[in-house]
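Note sheet for the following structure.
Taken together, the values in this text are just the output of simple stated rules run on the coordinates, not laboratory data. Keep in mind that what you see is a predicted model, and the values were worked out from it rather than measured. Cβ placement follows ideal geometry from the backbone for every residue including glycine, while neighbour counts extend to all protein chains displayed.
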Amino acid sequence: MLAAKYRLRNFNFSAFFKDSIKKNRQHLRIFQKSNNIGYPRFSIPVPKSLCKSAVARNRIRRRIYETIRMSIHNFSTADYVIVPHKDIKDLTQKEILCELIS
C-alpha cells in the first residue's frame, strides 16, 4: 500500500484539472501539476461508470497504487491525478507500469 504522505486528499479537483498538464494514454488519463513539497503525490479517482461495484473500483485503485509504490522513484516531484479507463481491469502490473511511466 502506498504511504499516506504520497496521497492527495481533500483538494479541489476542478481547479486541479483546469491548471494541470494532461497526458492521455491508452488505458489511463494522467493529470500532472508541479508541487513544492519535494516528493510526488497521487490520487486515483475511479468513476462509477467504470465499475458499478465499489469492490471492483477499490481493486483497480489498489492495483494502481501498488504499481506506483513499486516504482515511485520514476516519478518527478509533482501532484498526479490518474483516471483509469474501462479496459484497465485486464492489464497486468507490468502493463500498468508502462502506461504510467511512458
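General observations
- Scoring Arg63 on the criteria (1) surrounded by 14 or more Cβ atoms within 10 Å (Cβ to Cβ); (2) under 16 Å from Leu8 (Cα atoms); (3) in contact with a helix residue (DSSP H, G or I) (Cβ under 9 Å, 6 or more places away or on another chain); (4) of a type in the set (D, E, K, R) leaves a single failure, condition (2).
- Test: residue in the stretch 38-51 that is among the hydroxyl-bearing types (Ser, Thr, Tyr) and either closer than 16 Å to Ile101 by Cβ or surrounded by 14 or more Cβ atoms within 10 Å (Cβ to Cβ) (or both): yes
- Restricting the stretch 82-96 to residues that are hydrophobic (A, V, I, L, M, F, W, C) and under 11 Å from Ile60 (Cα atoms), the residue that is surrounded by the fewest Cβ atoms within 10 Å (Cβ to Cβ): Val83
- Flag if Ser71 is polar (S, T, N, Q) and under 19 Å from Lys22 (Cβ atoms): no
- Matching strands (runs of 3 or more DSSP E) fully within the stretch 1-64 where at least 1 residues are in contact (Cβ under 8 Å) with a residue 24 or more places away in the chain: 28-34, 41-43
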